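The values are calculated or read from the model by the stated rules, or taken from the named source; none is laboratory data. Given the structure is predicted, the values throughout are model-derived calculations rather than measurements. Every residue, glycine as well, gets a Cβ built from its backbone with ideal geometry; the counts of neighbours run over all protein chains shown. Please note that ligands, DNA and RNA were not included when accessible areas were found on the heavy atoms of the full protein model with its side chains. Shrake-Rupley method; radii C 1.70, N 1.55, O 1.52, S 1.80 Å.
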Amino acid sequence: MSAATRDPPPTPAQALAAARRLVVKIGSGLLAAENGEVRRPWLDALADDVARFRSRGQEVILVSSGAIAVGRRHLGLAGRRLRLEEKQAAAATGQIRLAHAYQDALARHGITVAQILLTQEDTEERRRHLNGRATFAQLLALGAVPVVNENDTIATAEIRFGDNDRLAARVAQMTSADMLVLLSDIDGLYTADPRHDPSARHIPLVREIGPEIETMAGDAPLGYSSGGMVTKIAAARIAMSAGCRMLIAKGKDDGAAPGPLAAIEAGARATLFLPRGEPRSARKAWIAGAVNPSGVVIVDDGAARALQRGTSLLPAGVIEVEGIFERGDAVIIRTRSSVEVGRGLSAYSSTDIRRIAGHKSGEIAEILGYRGRDEIIHRDDLVVTEPR
Ligand code: GLU
């Protein structure tokens, strides 16, 4: 069989339709008018899109820029280049207005919004990452639409994302989303800057980010917005390594009525980045490859069999723990006879597991004095070892 027999790639519209959980990034230029007012008609059209996706059972997370653009004029900071501290102040006033605008626009469809402000450290430090992941999961399960931005007021220069393209990719990775849409002022990646070079060609599909893609993004300032095309390619790299598809699409066609996602569904041009794996398998590969498991959880044979059938690890099946580890650390699961059953991320510290081992999940709160997860290791955070 030759490699040429692989399935034809999906169109952007098909890729959107297939998404189960999508993260949509909205650039400042789409949302905020020149004078810093939120463009309500545009936002309402986006909200209509979101409501339609959700009614089809697709989960949506929004990552929105615009806090600085919307906030600055309220502090008398309009019309000039801002220093970092001024941007941080502008973001603090703008974020409130931004959140209200989303709240109003989505309330038209009876949808509740939830604000999440993240720093780069929150997405990278493991325990914060896992906490964030759990909060997103909870909000989505309760039917809310998370609206995310960088926590601009406290992120210092060195550790700032500074652009929401990469932040959105981290959010997609954190939430195991299977689609990331970067709504921008350009309808995708081009071989050269289409504003200056009439021979520039649009690239509809990227399967791998090789040197030629990097060069296209680096040489020409293709994106007209703050991040440019460079941060979009950086975002694609993060998303693809997490098994998440990504689209770069134009957020606004002047004068056009449909929402930006509706436009893609109707066939608008975009660039699709297509990774090889699925988000689930990418996350599991990460867990299986965790470099230094910090401890061992020893389980009884009944629990070992249940894990092989794909269930979560409950405290009732745990006999004892070896080593010292914290919540969120990678651990090995073994039987009493030292057979490895799997690896996973523990929802409890070694100290707490020692106390709840052998007990029912319903007793956790009473024993520990707080109510954590029912599972010691949830099946989403667990990889079963292939029997040898
Ligand atoms: N977080 C910034 C804001 O809300 C925007 C960053 C970006 O332009 O990507 O104003």
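Things to note:
- Pair list, Cβ < 6 Å and 6+ apart or interchain, from segment 193-213 residues that are over 16 Å from Gly228 (Cα atoms) to residues that are among the charged types (D, E, K, R) and surrounded by fewer than 16 Cβ atoms within 10 Å (Cβ to Cβ): none
- Residue, most open to solvent (accessible area, probe 1.4 Å), within segment 157-173, restricted to residues that are modelled with pLDDT of 90 or more and within 14 Å of the ligand (Cβ to nearest atom): Arg166
- Residues in segment 174-220 that are under 23 Å from Asn164 (Cβ atoms), small (Gly, Ala, Ser) and surrounded by fewer than 16 Cβ atoms within 10 Å (Cβ to Cβ): Gly218 alone.
- The set of residues from segment 39-65 being within 14 Å of the ligand (Cβ to nearest atom) and either open to solvent by 60 Å² or more (accessible area, probe 1.4 Å) or at pLDDT below 95 (or both) comprises just one member, Ser65.
- The set of residues from segment 135-155 being away from the ligand (no atom under 14 Å from the Cβ) and β-branched (Val, Ile, Thr) comprises Thr135, Val145.
- Residues (modelled with pLDDT under 85 and crowded, with 18+ Cβ neighbours inside 10 Å) located in segment 131-156: Ala155
- Sole residue being more than 19 Å from the chain's Cα centre (by Cα), modelled with pLDDT under 85 and either more than 24 Å from Ala33 (Cα to Cα) or within 16 Å of the ligand (Cβ to nearest atom) (or both), chosen from Pro221, Pro258: Pro221
- Selection count, segment 268-322, where residues are of a type in the set (Val, Ile, Thr) and without any contact (Cβ under 8 Å) to a residue 60 or more places away in the chain: 7
- Qualifying residue in segment 95-105 (condition: within 14 Å of the ligand (Cβ to nearest atom), under 21 Å from Arg20 (Cα atoms) and open to solvent by 10 Å² or more (accessible area, probe 1.4 Å)): no
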